[in-house]
Amino acid sequence: MTPKTPLIKIKIQKENFDVSEETKVLQQNNIGAVVNFVGVVRGYDEKNSQIINSMTLEHYPGMTESEIEKIIVDCYNRWEISGVTVIHRIGNLKPADQIVFVGVSSKHRQNAFDGCNFIMDWLKTNAPFWKVEENNFKKNWVCFNDSDKKALKKWKK
């Protein structure tokens, strides 16, 4: 059986996404494994001990998709990957709303796990998204922290 062309899907959208439907798309490409990550809005800021009422996400159209595509190509160069889907929501989201979907398919599970982890670490630290958490008293810009920086270091060549 001839391998199919690698699947790359990148979407930046306000609408929610269906994890089950996105997984079905990834299963169509000569695979043995699919690994998904779904990020959701937290309802509590542990650092400042405050409730989060909402989070607003913004991006720079065109640049964001281009940067995500670069990291997906890097992922394909590092592991044997069959498909990658990255969906990132923008706009105002409430606690427990889905923010991001990263799905990676591969013939073998370890490639799918590593690829998904790699893409998510990169998205968390370097993707051009701006996030503001809002509570009853103020707005806080969200910055990545030391544990995010440490997670990214494991992928340096």
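Where a number appears in this text, it was derived from the coordinates with a stated rule and is not lab data. Being a predicted model, the structure only gives us computed values, none of them experimental. Here Cβ is always computed from backbone atoms with ideal geometry, including for glycine, and neighbour counts include all displayed protein chains.
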**Prompt:** So how many residues does region 141-154 have that are within 21 Å of H59 (Cβ to Cβ) and crowded, with 17+ Cβ neighbours inside 10 Å?
**Reply:** 0
**Request:** Name every residue in region 95-110 that is buried (at least 18 other Cβ atoms within 10 Å of the Cβ) and in contact with a Ser or Thr (Cβ under 9 Å, 6 or more places away or on another chain), in order of residue number.
**Result:** F101, V102, G103, V104, S105, S106
**Item:** Total residues in region 92-109, condition without any contact (Cβ under 8 Å) to a residue 40 or more places away in the chain and farther than 21 Å from E15 by Cα
**Value:** 0
**Item:** Residue, nearest to P95 (Cα to Cα), within region 132-155, restricted to residues that are in contact (Cβ under 8 Å) with a residue 40 or more places away in the chain and touching a Ser or Thr at 6+ places or on another chain (Cβ under 7 Å)
**Value:** E134
